[in-house]
């Protein structure tokens with residue numbers, strides 16, 4: 001099922017399935033100056049069977065939230081030079097840095113640094129041609145390599161994340177997608193898309209639209225879409241392997257911050273989700289800068305990997321960081 005957005009109107013039509021992106025098309029980017037990145041990369045390559053030809057080695061001072069443009073441009077040229085023509089997407093083996101000036105690092109690796117993807121203020125930014133695309137070869141088709149950060153604060157957390165992704169493959173898990181309609185009027189703007197998400201999921205996934213600010217004590221979470229600054233009750237939930245979860249809030253992509261102001265994508269992963277998304281600079285509540293729930297669910301149910309489903313669900317991704325296990329594919 002394909003979901004198209006055009007001037008606020010949404011249409012559904014069937015799309016022929018193609019093979020989802022796999023380990024042969026994923027470039028694993030490791031920072032050799034960061035011992036944790038090296039260990040995460042080693043474990044991920046082992047678990048996913050990524051061969052040395054697809055391992056891309058960079059070296060830069062670790063532990064910083066942001067890179068400057070000149071330093072990043074050098075690293076990007078180095079990464080692209082090492083990437084063979086088979087590489088269609090990148091997995092970044094670190095949580096920090098998560099930003100390049102005003103862009104997220106995942107979008108900067110995808111498009112190259114371009115301020116058109118992160119205009120100041122609340123206005124629109126450059127859209128992604130990959131949005132809601134049927135493509136499984138984004139570099140060949142669009143000249144961009146979507147990226148996702150294997151974000152973790154420790155090797156143990158990284159292993160748990162990676163293992164969840166691997167365990168999810170092809171399982172068609174039983175579970176529930178929860179779409180929360182919250183009392184936070186500014187952050188609840190994605191609720192307008194929930195009826196379409198219900199149509200997409202009908203007959204294929206149990207989906208519940210819940211009018212409350214937090215989900216508590218559920219053990220079957222496959223999708224969790226909400227709009228609040230701080231998501232409470234995460235410690236009471238159990239996510240199924242392959243689960244996708246995020247909240248619409250301003251600083252969800254600031255992976256070095258705690259839950260004091262905003263729940264981050266990293267916090268979702270630590271709670272048990274397999275992939276998430278958050279913005280690294282102020283996006284306001286423009287819905288195009290956040291995952292469209294109907295597109296996200298439709299693409300995942302059609303067999304896309306986590307990196308494909310998440311990237312295809314964001315129309316203006318320049319300010320947002322994608323985090324998680326890229327190749328998780330429960331519905332492959």
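The values are calculated or read from the model by the stated rules, or taken from the named source; none is laboratory data. Small disclaimer: the values here were computed from a predicted structure and weren't measured. In this analysis, Cβ positions are derived from the backbone assuming ideal geometry, glycine residues included, and neighbour counts consider all displayed protein chains.
Results for (1) outside any loop (DSSP other than H, G, I, E, B); (2) in contact (Cβ under 8 Å) with a residue 12 or more places away in the chain; (3) more than 19 Å from residue 278 (Cβ to Cβ); (4) under 21 Å from the mean Cα position of the chain (by Cα), shown as yes or no for each residue.
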| position | (1), (2), (3), (4) |
| --- | --- |
| 20 | no, yes, yes, yes |
| 27 | yes, yes, yes, yes |
| 74 | yes, no, yes, no |
| 79 | yes, yes, yes, yes |
Listed residues 117, 113; which is closer than 22 Å to residue 314 by Cβ and assigned to a loop (DSSP other than H, G, I, E, B)?
113
Go through the stretch 148-168 and give me each residue that's buried (at least 16 other Cβ atoms within 10 Å of the Cβ) and assigned to a loop (DSSP other than H, G, I, E, B).
150, 151, 152
Over the stretch 50-70, the set of residues over 23 Å from the mean Cα position of the chain (by Cα) and surrounded by 15 or more Cβ atoms within 10 Å (Cβ to Cβ) is 60
Does residue 330 satisfy being outside the structural domain of residue 92 (by TED's automatic domain parsing), within 21 Å of residue 110 (Cα to Cα) and in contact with a strand residue (DSSP E or B) (Cβ under 6 Å, 6 or more places away or on another chain)?
no
Within the group 246, 220, 213, 256, which residue is surrounded by fewer than 21 Cβ atoms within 10 Å (Cβ to Cβ) and under 17 Å from residue 152 (Cα atoms)?
256
